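Working notes, structure below.
The numbers here are math on the coordinates, done by the rules we state, and not lab data. This one's a predicted model, so the numbers in the text were calculated from it and none came from an experiment. Please note: Cβ atoms are built from the backbone with ideal geometry, for glycine as well, and neighbour counts cover all protein chains shown.
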Amino acid sequence: MAPVAPRSGDAIFASVERVNSELFTLTYGAIVRQLLTDLEEVDEVNKQLDQMGYNIGVRLVDEFLAKSNVSRCVDFKETTEVIAKVGFKMFLGVTASVTNWDADGTSCSLILEDNPLVDFVELPDTCQGLYYCNIISGVIRGALEMVSMKTEVSWIRDMLRGDDVFELQVKLIKQVPEEYPYKDDE
Amino acid sequence: MVREVAESCVESLLTEIVSQYCNGIYANKPDLAARRIEAIGYQVGHQLSERYTMERPRFSDHLEAIKFICKDFWSELFKKQIDNLKTNHKGTFVLQDSKFRWLSRVSIAPSSANSGSIQDPSAMAESKEAQATGMYLYFPCGIIRGALSNLGIPCAVSADISNLPACFACTQGEDEQEGDTEASKGIQREGEELHKDSKRESREGPSVLLQRPPQQEAGHALPLD
């Protein structure tokens with residue numbers, strides 16, 4: 001039987017080094033502003049934020065695995081639960097929930113009701129096409145790729161666009177089987 | 001309760017700003033990249049100081065504002081105060097953080113130890129490591145400049161990393177952008193200590209120095225709005 005993954009990231013979040021979220025929120029906001037100035041096109045900014053998120057996710061997954069003590073997830077369902085309950089909590093201090101599974105269990109939605117990235121944020125009319133939180137989808141995509149899951153992550157609902165919650169759709173495209181150069185018991 | 005996020009979130013963002021601006025958007029144009037990174041910091045410092053001074057009376061002079069940056073502002077950001085504040089009484093202040101958090105996990109090659117100030121391009125060219133480290137310091141430099149400018153103190157802020165792994169950032173007047181290494185060294189020797197943390201680490205860690213415009217008299221009050 002598979003060991004039970006931690007159900008919540010509360011204890012881990014309490015144990016990691018933390019900073020005032022204002023610094024984080026304002027830094028992210030300043031980055032987005034600067035990118036809008038430098039790249040001019042909203043679509044380019046979306047891409048850039050996603051790329052930055054991907055790079056962060058690729059690194060962050062190591063920290064996540066090292067500190068969270070989660071064991072191997074048996075399936076994609078468990079993986080998304082761990083991201084929602086442990087991953088989000090451990091880094092952003094908030095918890096997401098997982099819903100909207102499709103029939104074959106390869107696509108679901110992460111619902112985020114509270115998001116420290118958007119404290120103080122309001123999108124002006126000129127930025128309507130901006131996926132302000134695109135860095136988060138990039139992080140998830142990057143992190144999952146490091147554990148052999150190719151995914152597509154996209155925003156379905158966005159509170160900055162007037163929706164009641166943030167909804168991220170995570171679609172499993174391909175699970176790359178791990179190949180060890182050695183046998184498990186060596 | 002103060003809302004918090006993991007420190008690695010902020011560190012990840014900082015790493016990514018530097019990497020995207022230096023290797024992507026402005027690859028091979030370190031000057032432009034540096035200016036953008038500083039601008040992001042400026043924005044953050046400006047907004048943070050606005051928030052952190054909301055409940056306070058105006059600062060009566062520059063020294064009071066600088067002390068606010070050293071104590072309250074720095075504590076909010078780094079959970080510790082500036083270790084050492086010095087001035088030459090001609091408007092230059094040197095802030096020194098002997099264990100600067102954002103550099104505590106940056107690896108520094110020994111060869112970069114002599115490569116000098118980040119505002120000295122020839123020194124920067126000498127060592128990629130020093131340049132990379134310097135890039136990380138434009139962000140906190142921007143934060144300090146943004147915070148001080150919001151408090152009515154226009155200034156330039158720069159970092160001095162000549163003592164790597166100890167690192168120094170210093171500021172000076174806007175109309176005098178060069179020669180800061182010499183200036184800050186002079187200040188270290190001649191400067192009078194205004195504040196010294198009694199628990200200062202003996203281990204030499206990264207440090208941040210800050211100077212204020214030389215043309216303004218120390219203690220001369222400026223309107224803060």
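In a simple Cβ point-charge model (Lys, Arg +1; Asp, Glu -1; nothing else charged), segment A:41-175 has a dipole of about 640 debye relative to its Cα centre.
Across peptide B:30-39, the average count of Cβ atoms from other chains found within 10 Å of a residue's Cβ is 1.
Could you list A:D104, B:D61 in order of exposure, starting from the residue whose Cβ has the fewest other Cβ atoms within 10 Å? Mind dumping the intermediate values first?
Working: A:D104 7, B:D61 15.
Placing the least packed residue first, the sequence is A:D104, B:D61.
If you take each beta carbon of peptide A:48-57 and count the beta carbons of other chains within 10 angstrom, what is the mean?
Numbers: counts 4, 2, 0, 3, 8, 2, 1, 5, 7, 1.
Across the residues of A:48-57, the mean count of other-chain Cβ atoms within 10 Å is 3.
Taking θ as phi - 60° and the Karplus parameters 6.51, -1.76 and 1.60, the scalar couplings of segment A:86-93 work out to 9, x, 4, 5, 5, 9, 9, x Hz in sequence order, x denoting glycine and proline. Pairs with C-alpha atoms separated by more than 26 Å, drawn from the list A:K89/A:K150; A:K47/A:K67; A:K89/B:K67; A:K89/A:K171; A:K85/A:K171, are A:K47/A:K67; A:K89/B:K67. In this structure, the amide hydrogen of B:D160, modeled 1.01 Å from its nitrogen in the peptide plane, lies closer than 5 angstrom to those of B:F168, B:A169, B:C170, B:L209, counting only residues at least 5 positions away or on a different chain.
Hey, what did chain A get for relative contact order, percent, Cα under 8 Å, at least 6 apart? Don't skip to the answer; put the middle values down first.
Details: 271 pairs, mean separation 47.6, N = 186.
RCO, chain A: 26 percent.
Each residue of segment A:42-47 is assigned a 3J(HN,Hα), and the resulting list reads 4, 4, 5, 5, 4, 5 Hz, derived from the Karplus form 6.51 cos²θ - 1.76 cosθ + 1.60 (θ = phi - 60°), x at Gly and Pro. For B:G91, the residues 5 or more places off, or on other chains, whose built amide H falls under 5 Å of its own are B:A218. Mean per-residue shielding of peptide A:27-39 is 6, counting Cβ atoms of other chains within 10 Å of each Cβ.
Classified by the C-alpha gyration tensor, segment A:1-100 has a prolate form. Its axis ratio a/c, with a ≥ b ≥ c, is 1.5 or above, and a/b is larger than b/c. Packing here is the average count of other Cβ atoms within 10 Å per residue, and on that basis the peptides A:114-125, A:141-152, highest first, run A:141-152, A:114-125. Descending by average beta-carbon neighbour count within 10 Å, the peptides B:35-44, A:74-83 line up as B:35-44, A:74-83, the highest first.
Prolate is the label for segment A:41-175. Its Cα gyration tensor axes, ordered a ≥ b ≥ c, give a/c of at least 1.5 and a/b above b/c.
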